[in-house]
Amino acid sequence: MKKRNRLQLDEQGRLKHFLTIEGLNRQLLIDILDTAESLTSISEQSIKKVPLLRGKTIVNLFFEASTRTRTTFELAAKRLSADVLNINIQASATAKGETLLDTLRNLEAMHCDMFVVRHADSGAAHFIAQHAAPHISVINAGDGQHAHPTQAMLDMFTIRREKGEFHRLTVAIVGDIRHSRVARSQIHALSMLGVEDIRIIAPKTLIPTEPDAFGVHVFHDLREGLRDVDVVIMLRLQKERMRGASLPSEHEYFQRYGLTEAKLELAKPDVTVMHPGPINRGVEIDSEVADGPRSVILQQVSHGIAVRMAIMAMAMQQRPPETAEGERR
Ligand code: CP
């Protein structure tokens, strides 16, 4: 078993921590998508709860800002009947100099079962998983520019819902790929699920230094890269992770790389437009596209609840009855 798998999977190959897509396998990703599919109806019921994680305590540890990820993790945990603690880092003992490990030890002493971690440092979730007590599962909710695997899985869920399958698709990811943990996780997931043509489209300064390692086709011209794509995923400029001036003005960036209805005409007629959020209107995407009929940006947010429910349940070795062993597709 690979080193990364040893941390993420238990001896039976079941999910223990969810830290990165790398090192997982296609069947596990399909299991997550199928489990999420069976959990979507819970959010549409009048009583939005199932008892899968009743008695479990889940801690949201967000050391970096978040709207979508933190709230959908909280909703997902509550819909699974878990108890949820949202630690306000700014108002916690971290602000008084307590180390991360000491904070963890104190939370462990409260008999918590799962940590959901967002951190500005790449590798923070791995570090916590390596040092947490054996009964605790750690879910990476985004670490630095390394990985955002639950975002990638909700994006895969959205693509499967829209397109039905992954083979034969052409998927373009546009924008600040270099600083994007989302793009890294998406590329690994798309590749593992069999997408044949993965394109990244960006100015040279926003392409990763070794794009060949990702097995993608690189484009610097948006119009060229958008030709005949099935899915286009837009990314914002992640200025908080940029060192020095890598860019022209936002106006010039929008002229060259902003997605407009006119540019979208080059894609397939049934193209699906996605964005992990937060969106910057008039910088990477025009409002007409973001709010238009081909956009599934808000559906991505809704799907995030079911996908995070699935990942949390699976990491706690719980499954909804209809996806129990032997009954899965
Ligand atoms: N997509 C995403 O991670 O959004 P938040 O930063 O709001 O969680």
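The values are calculated or read from the model by the stated rules, or taken from the named source; none is laboratory data. What you see is a predicted model, and the numbers here were worked out from it, not measured in a lab. When we count neighbours, we look across all protein chains shown, and the Cβ atoms used for this are built from the backbone with ideal geometry, even at glycine.
Residue-level analysis places SER122 outside the set of residues that are hydroxyl-bearing (Ser, Thr, Tyr), within 15 Å of VAL59 (Cα to Cα) and surrounded by 13 or more Cβ atoms within 10 Å (Cβ to Cβ). Among the residues making up segment 298-313, those that are surrounded by 19 or more Cβ atoms within 10 Å (Cβ to Cβ) and aliphatic (A, V, I, L, M) are ILE305, ALA306, VAL307, MET309, ALA310, ILE311, MET312, ALA313.
Only a single criterion out of (1) surrounded by fewer than 13 Cβ atoms within 10 Å (Cβ to Cβ); (2) touching a residue at least 60 places away in the same chain (Cβ under 8 Å); (3) within 22 Å of HIS126 (Cα to Cα) is not satisfied by ARG70, namely (1).
Restricting ALA125, ALA141, ALA95 to residues that are touching a residue at least 40 places away in the same chain (Cβ under 8 Å), assigned by TED's automatic domain parsing to the domain that holds GLN8 and assigned to a helix (DSSP H, G or I) narrows the list to ALA125. Whether a residue is among the basic types (Lys, Arg) and in contact with a helix residue (DSSP H, G or I) (Cβ under 6 Å, 6 or more places away or on another chain) was assessed, and ARG199 passes this test. Note on segment 74-105: residues that are buried (at least 17 other Cβ atoms within 10 Å of the Cβ), in contact with a helix residue (DSSP H, G or I) (Cβ under 9 Å, 6 or more places away or on another chain) and not aliphatic (A, V, I, L, M) amount to 3.
Okay, residues lined up against (1) within 15 Å of the ligand (Cβ to nearest atom); (2) modelled with pLDDT of 95 or more:
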| residue | (1), (2) |
| --- | --- |
| ASN60 | yes, yes |
| ALA65 | yes, no |
| THR69 | yes, yes |
| ALA76 | yes, yes |
| ILE87 | no, no |
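Across segment 133-150, the number of residues qualifying as at positive phi and either of a type in the set (Lys, Arg) or within 12 Å of the ligand (Cβ to nearest atom) (or both) comes to 1. Does THR272 satisfy the condition of being outside the structural domain of PHE18 (by TED's automatic domain parsing), hydroxyl-bearing (Ser, Thr, Tyr) and surrounded by fewer than 22 Cβ atoms within 10 Å (Cβ to Cβ)? Against the criterion (outside the structural domain of PHE18 (by TED's automatic domain parsing), hydroxyl-bearing (Ser, Thr, Tyr) and surrounded by fewer than 22 Cβ atoms within 10 Å (Cβ to Cβ)), THR272 does not qualify. Of all residues in segment 179-187, one or more are β-branched (Val, Ile, Thr) and outside the structural domain of THR20 (by TED's automatic domain parsing). Within segment 180-215, if we keep just the residues that are assigned to a strand (DSSP E or B) and of a type in the set (Val, Ile, Thr), the residue that is nearest to GLY23 (Cα to Cα) turns out to be ILE198.
Per this entry, LYS204 is counted among residues that are among the basic types (Lys, Arg), surrounded by fewer than 16 Cβ atoms within 10 Å (Cβ to Cβ) and farther than 23 Å from ALA141 by Cα. Restricting attention to segment 106-119, the residues that are out of contact with any helix residue (DSSP H, G or I) (no Cβ under 8 Å at 6 or more places or on another chain), among the hydrophobic types (A, V, I, L, M, F, W, C) and either touching a residue at least 12 places away in the same chain (Cβ under 8 Å) or closer than 24 Å to SER41 by Cα (or both) add up to 3.
Scanning segment 98-120 for residues that are part of a loop (DSSP other than H, G, I, E, B), under 20 Å from THR69 (Cβ atoms) and more than 16 Å from the ligand (Cβ to nearest atom) turns up CYS112, ASP113. Within segment 274-300, the residues that satisfy the criterion of being within 16 Å of the ligand (Cβ to nearest atom), in contact with a helix residue (DSSP H, G or I) (Cβ under 8 Å, 6 or more places away or on another chain) and free of Cβ contacts under 8 Å to residues at least 40 places away in the same chain are ARG281, ALA290, SER295, ILE297.
All conditions in (1) at pLDDT 95 or above; (2) in the same structural domain as LYS16 (by TED's automatic domain parsing) hold for PRO293, with the sole exception of (2). Restricting LEU80, LEU7, LEU33, LEU52 to those that are outside the structural domain of ILE159 (by TED's automatic domain parsing), modelled with pLDDT under 95 and away from the ligand (no atom under 16 Å from the Cβ) reduces the list to LEU7. Checked against the criterion of being within 12 Å of GLY175 (Cα to Cα) and basic (Lys, Arg), the candidates ARG281, ARG236 yield just one match: ARG236.
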